[in-house]
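Right, one structure below, let's go through it.
The values are calculated or read from the model by the stated rules, or taken from the named source; none is laboratory data. Treat the numbers as computed from the prediction; the structure is a model and nothing was measured. FYI the Cβ positions are ideal-geometry reconstructions off the backbone, even for glycines, and counts take in every protein chain you see.
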Amino acid sequence: MFELLGVPPQALFGQVLLGLINGSFYAILSLGLAVIFGLLNIINFAHGAQYMMGAFVAWMCLNYLGVNYWAALLLAPIVVGATGIVIERVFLARIAKYDHLYGLLLTFGLALIIQGLFRNYYGSSGLPYGIPPQLTGGHNLGFMFLPTYRGWVVVASLVICLATWFMIEKTKLGAYLRAATENPTLTQAFGINVPLLVTLTYGFGVALAAFAGVLAAPIYAVNPNMGADLIIVVFAVVVIGGMGSIMGAIVTGFSLGLIEGLTKVFYPEASSTVIFIIMVLVLLVKPAGLFGRTA
Amino acid sequence: MATEAVLERPAVAGGKPLLAVRELEAWYGESHVLHGIDLDVGEGEVVTLLGRNGAGKTTTLKSIMGVIGKRKGSITFAGQETIQLPSRAIARLGIGYVPEERGIYSTLSVEENLMLPPQVKPGGLPVEQIFTLFPNLKERLKSQGTKLSGGEQQMLAIGRILRTGANLLLLDEPTEGLAPVIIDQIGATIRMLKQKGFTIVLVEQNFRFAQTVADRHYIVEQGKVIDMIPNADLDANIDKLHTYLGV
């Protein structure tokens, strides 16, 4: 069968795995963006920078404090999420009543400042971060070789995405969140503290980005530009999935990673543009995105 | 002025009112909608706000609830001034709100809609009792909130604030656009709630319905209260009422 397609199976499955890895990052990042956009109505342009901060906090934990990968996986989202909470209270809350555009410009400016600061102190050549010893090596699955760490990234992302989905769609806290997203004024009139929900949601979205950053640290070098490179593709993913849809962000993230991987096998010339081509097609047919609700 | 005449009347029989509104003014953006609303609601009373479209009835409820841009004057609930409080703090004092558009969330199931408002005081109705009042809701708990019929959505909007222990209910046109049989059911519910000791402020277009549930009626015109008619005197004042409402 593989001979018929003219592609060696090793190459095919290798790219499928690579696609799933990229898809994992697309999914977590677009999920965070979707959660933030849903409640705050802000397109968080600092998301890439916050992903990069997650990777850097993990690197700093290891090199300055001797704190290992597993602790960093928990610590980095908390630290970076806390900076998000400060950003929300100090900046975003003040411009909440104005047009989307102000939030976009503000977060874009913050992203440039954050990336500039890290470039200034750490250069832009990238810092190495080793794979944790428990996850080195790999397994021969017969049809392909699976590096353990890459398998772990896909599984961990899936778990985090589904846990987030469950929290938002199936719990009481999620019901508050959905209610505040749909009708903040009325939700507030029931005695629910919507401004607090908004702050926590932004912090949570940012923490998701930081979590993705820690997962990425051993795969890509820890680099001040790592987020800026990725975030453009992630925005395309969000547009395709539809702003504000939780499951949409997850499904679109993983599938577009996969499609990108497959394009590398079958038509490598298009691999870096395929997502944007899909974005154009989706926008032509369904302007609100595949899973988007038209308001 | 008519307003002064209203104030001179013994508005609430005996004791201090549960809700007292004085010289309330409110704005939507630049437009000045309320020009000095004065009204009192005694504990356990059912009071309606009657008036033409655009008179300021809905805005009065929104101002009491604190969900309007800018307001001025005084609103005291159970002795506490609320004019400076955010709406979430006002709700926590024990005021439940059913907005004109009902405010059922489409992203929440019927059950989630029902359970959404947090408890603000002890003494709310148990969920089972809400199901006895509105059996339709129990059968459709898993449906999307906005998939319910208009009447069921109204029941859900009322039911969910009965749970919270709020003792003042603000109902904005609960009968609007509903079939007569449903209107009867909502009327019976309001009378039952009164018996249980709830205090209710009701905005109505339909004074025939208001007559079946209320103790007193405030007439609102151009952002002011221009008259107050006790329910017992409603029939005697029917011509005056027709002029007020332009029926």
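Listing for the model above:
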| quantity | calculated |
| --- | --- |
| Qualifying residues in segment B:104-132 (those that are surrounded by fewer than 18 Cβ atoms within 10 Å (Cβ to Cβ) and among the hydrophobic types (A, V, I, L, M, F, W, C)) - the one nearest to the other protein chains (Cβ to nearest Cβ) | B:Met115 |
| Within segment B:48-71, tally of residues that are part of a loop (DSSP other than H, G, I, E, B) and away from chain A (no Cβ under 14 Å) | 6 |
| Lone unmet requirement of (1) closer than 16 Å to A:Leu208 by Cα; (2) in contact (Cβ under 8 Å) with a residue 40 or more places away in the chain; (3) out of contact with any strand residue (DSSP E or B) (no Cβ under 8 Å at 6 or more places or on another chain) for A:Leu75 | (2) |
| Criterion: touching a residue at least 60 places away in the same chain (Cβ under 8 Å), of a type outside the set (Val, Ile, Thr) and out of contact with any Asp or Glu (no Cβ under 9 Å at 6 or more places or on another chain) - qualifying residue of A:Gly138, A:Gly130 | A:Gly130 |
| Residue list for segment A:241-270, restricted to those being within 20 Å of the chain's Cα centre (by Cα) and assigned to a loop (DSSP other than H, G, I, E, B) | A:Gly242, A:Met243, A:Gly244, A:Ser245 |
| Test for A:Val206: is it crowded, with 24+ Cβ neighbours inside 10 Å, under 14 Å from the mean Cα position of the chain (by Cα), modelled with pLDDT of 95 or more and β-branched (Val, Ile, Thr) | yes |
| Residue in segment B:72-97 that is nearest to B:Lys224 (Cα to Cα), counting only those that are more than 10 Å from every other protein chain (Cβ to nearest Cβ) and among the hydrophobic types (A, V, I, L, M, F, W, C) | B:Ile75 |
| Subset of segment B:40-69 [under 13 Å from the mean Cα position of the chain (by Cα) and aliphatic (A, V, I, L, M)] | B:Val41, B:Val46, B:Val47, B:Leu49, B:Leu50, B:Leu61, B:Ile64, B:Met65 |
| Complete set of residues in segment B:82-103 that are surrounded by fewer than 16 Cβ atoms within 10 Å (Cβ to Cβ) and of a type in the set (Gly, Ala, Ser) | B:Ala89 |
| Whichever residue in segment A:163-191 is farther than 13 Å from B:Ser109 by Cβ and aliphatic (A, V, I, L, M) and, among such residues, is farthest from the other protein chains (Cβ to nearest Cβ) | A:Ala163 |
| Residue satisfying condition, being within 20 Å of B:Val47 (Cβ to Cβ) and basic (Lys, Arg), within set B:Arg160, B:Arg92, B:Arg191 | B:Arg191 |
| Any chance A:Leu200 is within 14 Å of another protein chain (Cβ to nearest Cβ), outside any strand (DSSP E or B) and modelled with pLDDT of 95 or more | no |
| Hits in segment A:23-41 (condition: surrounded by 24 or more Cβ atoms within 10 Å (Cβ to Cβ) and assigned to a loop (DSSP other than H, G, I, E, B)) | none |
| Which numbered condition B:Leu148 misses (of (1) in contact with a strand residue (DSSP E or B) (Cβ under 8 Å, 6 or more places away or on another chain); (2) surrounded by 19 or more Cβ atoms within 10 Å (Cβ to Cβ); (3) more than 14 Å from chain A (Cβ to nearest Cβ)) | (1) |
| Subset of segment A:87-99 that is assigned to a helix (DSSP H, G or I) and either basic (Lys, Arg) or in contact with a helix residue (DSSP H, G or I) (Cβ under 9 Å, 6 or more places away or on another chain) (or both) - its residue that is surrounded by the fewest Cβ atoms within 10 Å (Cβ to Cβ) | A:Arg94 |
| Count of residues meeting criterion [part of a loop (DSSP other than H, G, I, E, B) and either more than 15 Å from A:Leu75 (Cα to Cα) or in contact with a Ser or Thr (Cβ under 7 Å, 6 or more places away or on another chain) (or both)] in segment A:203-231 | 7 |
